[in-house]
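The structure appears right after this line, and notes come after that.
Computed from the coordinates by the stated procedures, all read-outs in this text should not be read as laboratory data. Fair warning: this is a prediction, and the values are worked out from it, not measured in the lab. All Cβ positions, glycine included, derive from the backbone under ideal geometry; neighbour counts span all protein chains shown.
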Amino acid sequence: MSLASSTNNSPGTSSPVVETFHGSSLELKNLTMAYGDIEVLRNVSLTVAPGTTTCIIGPSGSGKSTLLRGINRLHEPKSGDVLLAGESALQVKPDILRRRIGMVFQHFNLFPDHTALENVALALWSVKGMSKAEARERAQRRLAEVGLAERADHRPRDLSGGQQQRVAIARALAMEPEVMLFDEATSALDPELVKGVLNLMAGLGKRGMTMVVVTHEMGFARKVADQVVFMDEGEVVEAGTPADLFDNPRSERLQRFLSEVL
Amino acid sequence: MDWLNTLTRTFFDFGAMAEVLPQLLGVGLLNTLIISIAATAIGLVLGMVVAVMGISQSRWLRIPARIYTDLFRGLPAILTILLIGQGFARFSQSIFGPSPYPLGIIALSLISSAYIGEIFRAGIQSVDKGQGEACRALGMGYAKSMALVVVPQGIRRVLPALVNQFIAIVKDSSLVYFLGLLVSERELFRVGQDAAVLSGNLSPLVLAGIFYLVITVPLTHLVNYFDNKFRTGRRRPSAPTSGLKEVKELDAASPLISGSNT
C-alpha cells in the first residue's frame, strides 16, 4: 500500500485549487449501547481532535460499527454522551445532527434508481433546501473531485464498486459535514479498487476533515491515522498513535489480533 | 353431426352476437372499464395509505390497517358488494342519487385496496434497509426518506403484482350487477346476460367473455414483460472492462486523489 505523503498538492502547482475542510472535534464519554438487553458497547470514551483521523480496528463483533452508529444516532445510545464541537449530540434532533455528520457504508447504499449526480444532489435540495439547479451544480463539482465527472449520469449498477463508493463519499461530502464516519468503506471492493478509495479518504484527512474510520486495512491505519483504537468485545482495549499500537502492542488481545491480520 | 350444430347454435350464433355487439361495445365495455379503472384508482390511493399505516412504528396505525386488510381480504367479494351496495343505499341516495353504481365502485375499491395495500407493503418492506439508513444518515426525516427513496423503489418492484390486481378487479366488476343497475349502467356481463335471456341463446355471453379476455390476456402478457424487465434490470451494454483501467483513470482524474498517490 503506497500512501506516502504528497508533494503534488502544495500551492503553486498547476492542479486546481482544492478547498479545505473545517472538521469539528468529537468526544465520546462513557458511551454504552445495547440491542435490547444485550450491551454491545460498554463505557467507551474517546477524543477525536478537529481535523484528525481516528482508525478503529478490531475483530468482528467488537462493536466498531455500533460505535459509528451511535455517533450519528442511527442507533440511539443507552447511556453516556457524544460531544460534537463540544456540544452534546444527544440534545439535538437526530435529523439536524446527521446533517453535520457524513457517513459512508460498507455496501455504498446508493439509490439505485438515481444517477450518480442525483444521488449526490438529492439531499442537497430535499434537506438543505437548495434549488435543484444549485444542487445539481454542487453535485457535479463534488463528483469531479472524486474523479467521476464523466460518470455523473450513470446509475449505480453501471458503476464499479470503487466508483460507487466514491459517489457515496461525494454524496456525504456535499452536505458539508464536520465529521465523516467510514464503516468498512473498502471491505466490499475488488482488491485493485481499494487503494483508490483509501487514497481519497487519506486526501480528505489531509484537507482537514475529522474522520472516524472503521477499517480492516492496517496499512491505511498505520500511515494515515493520527490515532488508532483497538476494540474488542464492546470495549476500547488500547488507543494511541499508530506506532504505539502496531509496534508496541501492550495487551495480549491486540498482540493476538495483529498476529492474525498482519 | 347434430350435436355439433346444437353446440354452434348455443355458443357461436353469430347473428345473436352481431345483434348484441353494439350494446356490448357502447355500454358494457365502457362501464366495465369505468368501474374497473375507478375502483383501481381509488384502491391504489387507499392501498398506499393502508400500506404506510401497516409498516408504521405506532401500533395505533398498524392495528387498524391490519384489521381493515383482514376484513376486506377475508370476505367474499359478492358479500362485501351487497352489504355496502344495499346497506348504504339511503346514504348514497342523498349524495349520488338513486343509482347503486357509485356504491358498487366504492365496494370494489375497498376490496381492492386491501389487496393493493398488502402488495405495496410487501414491496416497500423488500427495499434494502440500507436505503433508509443512507437517507437518515444524510439528515432526511422518516417521511422524506420514505417518499423520495424507499416507496418509489418499492412500487417499481410490485408493478407486475399491481397489473394482476387490475385483472382481478376487471373480473370482479361483473359482480356489481347484483346491485341492480340501470340499463345504461350495465357492464359487460350484465349486457351479455340480458341478451342471452332474451334470445334464449348463450352466444351473447360468450361474446362478453371474449371481451373480458381481450382486456385481460394482453395485460397478463404485459405483466410477464414487466417482470422480466424489472427482474433483470437495465444495464448499459458494455464490453468487460479491466479494473486496472479504472485505476489508471483515477490516477489521471483528480488532484485530490492522485495528489496523495505518489
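Averaged across the residues of A:193-204, what count of C-beta atoms belonging to other chains lies within 10 Å of each residue's C-beta?
For this peptide, the per-residue mean of nearby foreign Cβ atoms is 5.
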Relative to the longest principal axis of the C-alpha atoms of chain A, give the angle of the C-alpha long axis of helix A:116-126, reported between 0 and 90° and rounded to the nearest 10°. 80
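Can you give the mean number of other chain Cβ atoms that lie within 10 Å of the Cβ atoms in peptide A:46-54? Intermediate results must be reported in sequence, preceding the final value.
Numbers: counts 0, 0, 0, 0, 0, 0, 0, 0, 0.
For this peptide, the per-residue mean of nearby foreign Cβ atoms is 0.
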Lys, Arg +1 and Asp, Glu -1 on Cβ, resulting dipole of region A:49-149 about Cα centre, debye, nearest 20: 80
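Taking only C-alpha pairs under 8 Å that are 6+ residues apart, what is the relative contact order of region B:110-245 in percent?
23
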Quick shape summary for region B:103-201, equivalent ellipsoid via Cα gyration tensor, semi-axes whole Å in descending order, reads 44, 12, 8
How compact is chain B by the rule of thumb for globular proteins, expressed as Cα Rg over 2.2 N^0.38 Å? 1.43
Overall dimensions of region A:79-130 as given by Cα atoms, namely Rg and Dmax in Å: 14.0, 40
Could you run the Karplus curve 6.51 cos²θ - 1.76 cosθ + 1.60 with θ = phi - 60° over region A:204-221 and give me ³J(HN,Hα) per residue in whole Hz, x for Gly and Pro? 4, x, 5, 7, x, 6, 7, 10, 10, 10, 8, 8, 9, 8, 5, x, 5, 4
Can you list residues from other chains, or at least 5 along the same chain, whose modelled amide H is less than 5 Å from the amide H of B:ASP128? none
Going Cα to Cα from A:LYS64, which lysines come in below 24 Å? Please leave out same-chain ones fewer than 8 positions away. A:LYS29, A:LYS78, A:LYS93, A:LYS195, A:LYS206, A:LYS223, B:LYS129
Can you list the HN-Hα couplings for region A:241-253, worked out from phi with the Karplus curve (6.51, -1.76, 1.60; θ = phi - 60°), rounded to whole Hz and with x for Gly and Pro? 6, x, 4, 3, 7, 7, 9, 10, x, 8, 6, 5, 5
Value of Rg to Rh for region B:17-168 (Rh from inverse mean 1/r over Cα pairs, i.e. Kirkwood): 1.08
Label-point separation, A:GLU176 to A:LEU262 (7 Å along Cα→Cβ), nm: 4.2
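Using unit Cβ charges (K, R positive; D, E negative) and no other charged atoms, how large, in debye to the nearest 20, is the dipole of chain B about its Cα centre? Display every interim value, and only then the final one.
Working: 22 positive and 15 negative charges, 203 e Å.
So the dipole magnitude of chain B works out to roughly 980 debye.
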If the elastic network links every pair of Cα atoms under 10 Å, which of A:LEU90, A:LEU46, A:LEU74 fluctuates the most in the Gaussian network model of chain A? A:LEU74
Report the FRET efficiency, 1/(1 + (r/R0)^6), for A:ASP153 and A:ASP95, where r is their Cβ-Cβ distance and R0 is 25 Å, rounded to 0.05. 0.25
Going by how many other Cβ atoms sit within 10 Å of their own, how do B:ILE119, B:ILE67 line up, fewest first? B:ILE67, B:ILE119
Test item: A:101-108 mean partner chain Cβ contacts at 10 Å: 3
Semi-axes of the equivalent ellipsoid for the protein assembly as shown, Cα gyration tensor, largest first, Å: 62, 26, 20
With a 10 Å radius around each residue's Cβ, average the other Cβ atoms per peptide and rank A:221-232, B:215-226, highest first. A:221-232, B:215-226
